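One structure below.
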Amino acid sequence: MNFTNSDVKISIQDVYKSFGNNHVLRGAFLEIKKGESMVVIGGSGTGKSVLIKCVIGLLKPEKGEIYIDGQEVASLKEGDLNEIRKKFGMLFQWGALFDSMRVWENVSFGLRQHTRLKDTEIKDIVIEKLKLVGLRNVENLMPSELSGGMRKRVSLARAIAMEPEILLYDEPTTGLDPIMADVINELIIHLREKIKVTSIAITHDMVSAYKIADRIAMLYKGEIIEVGTPEGIRNSKNEIVQQFIQGRAEGPITREQ
Amino acid sequence: MLRLLEIIGTKFLKLVEESGRVAILFLKTLLWIFRPPLNLRNILAQIEEVGINSIPVILITGAFTGMVLALQSYTGFKRFGAETFVGTVVALSITRELGPVLSGLMVSGRVGSAMAAELGTMQVTEQIDALYTLATNPIKYLIVPRFLATTIVMPILTVFADIIGIIGGYMVSVYILGSNPTIYERRTWDFLKLNDIYSGILKATVFGMIIAIVSCYQGFNTEGGASGVGRATTKAVVLSSLMILIANYFITALMF
């Protein structure tokens, strides 16, 4: 095992997770290098969300290990997990903004919980992060007043407010029109270059996957069946991968899994 | 027959399991209360929501309960010439029993449902997961303030209900039924012991804890979108009301 290798930021080793009789992850292996943008593709309901929720400790795997910077996290208790989570930022599929709070309160949530910064400093950081995601003069709006694309961008601003080392994107482009989806793609690339984060994105949007990925991993039946560069995946000899990336109804992937 | 036993058995196991989970949530909440810092701003906001905004409901409930108690016990007591004891009955019933129980039921309907719906919505829209990812424990951030607020506020609301209930009984007795105010007053205070009031307040405190924990538990365990939120809300009110009535009997039996 090469999880001690300092180049590896996140290492997922033989992870199993099931819900009742539904065995979602059945021995998933994946390693993500420092500063790398990994995209996990796979059909709806194949456990992509479950995989990243295991990485950030929202779900506990039944078996297997997950290492963040060489530290095993799957067996940690809630209190220690909280410390690890400070390394993370996560963009949820529908934003998951706190709907009882204004935009600036959402973005500054982590700062207000975990730092002793003054209000004026917090305000400056909020404005800076919102600018980074391309938003201006929205600080005092409520989440309900925002469009879908704006919500996602505010959520992204909230995820990067604490300057995390790792960003997790849960279907970053789902539910957006193609232009807004591309705006989010550009933002993800921009963030990677600007703040040098390691990231895992899960998606079934292949346009987005090719655009933002350094490497792509395909999850099928609870296992990672192939990992490669976007070019490598495009030329994959695996029939399952080919069927998925071309979006064909006919092929080895059947509807029920 | 076997099938019937199986169904009963599964239901029973589920009930035991769920009770266990509620108890675990209760213990976790207690632990988080003693881990500083306490979020005073959230607690005060909840006290306003649970306490101050419940005052009108509690006052109306208390007043009419006292009034109807006076009417009913007057009718009964008159039959054997004991109508001067209406004041005693009103005071004892309200402080020992009806004040805390009816306040509890009203608060579970008004506040328990709101808590379950709010937390349930947060659950299904992943806002609770988002709290975890922001390295914030949702029990500490969401449940502890609600638990403390409800536990602190319920006894206070009950005292309000007691006072207004006794006043309501007095008004009906003196102004409608024509009782002698001096005798009524004396009958009220002569037999009322501090212990009666304490036992009511103790009940109210327990009811406050029940409402908060049951409703927050339902909210946190909501599944399946808008209809799930609806189910969680209903369950929160029904279960906390039932638990209040059950707990009420056992506390009374213990303190008898």
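Read-outs throughout are calculated quantities, based only on the coordinates presented, and are distinct from any laboratory measurement. Source: prediction; values computed, not measured. All Cβ positions, even for glycine, are placed from backbone atoms using ideal geometry, and neighbour counts span all protein chains on display.
Structural remarks
- Three-way shape label, region B:166-218, alpha-carbon gyration tensor, a/c 1.5: oblate
- Relative counts (whole %) of C-alpha pair distances in the protein assembly as shown, using bins that are 10 Å wide: 4, 16, 22, 20, 15, 10, 7, 4, 2, 0
- A:Met142/B:Phe34 FRET efficiency (R0 45 Å; Cβ-Cβ; nearest 0.05): 0.85
- Rh (Kirkwood; distinct C-alpha pairs) - region B:40-255, Å: 18.3
- Set A:Lys86/B:Lys28; A:Lys53/A:Lys196; A:Lys152/A:Lys196; B:Lys28/B:Lys203; B:Lys14/B:Lys140 screened for pairs whose C-alpha atoms are more than 25 Å apart: B:Lys14/B:Lys140
- Inter-label distance, A:Asp80 to B:Met171: 6.2 nm, where each label sits 7 Å from its Cα along the C-beta direction.
- Residue-count net charge about A:Ser208 - beta-carbon cut-off 11 Å; Lys, Arg +1, Asp, Glu -1: -3
- Proxy reagent accessibility, fewest Cβ within 10 Å first, across B:Val174, B:Val16: B:Val16, B:Val174
- Across peptide B:59-71, the average count of Cβ atoms from other chains found within 10 Å of a residue's Cβ is 0.
- Axis angle, to the nearest 10 degrees, between helix B:40-50 and the longest C-alpha principal axis of chain B: 50 degrees.
- Principal-axis tilt of helix B:113-124 within chain B, Cα atoms, nearest 10 degrees: 0
- As a rough footprinting exposure proxy, the listed residues B:Met115, A:Met38, A:Met142, A:Met206 were ranked by other beta carbons within 10 Å of their own, and the order from fewest upward is A:Met142, A:Met206, A:Met38, B:Met115.
- A Förster distance of 22 Å, applied to the separation of the beta-carbon atoms of B:Gln72 and B:Trp189, puts the FRET efficiency at 0.55.
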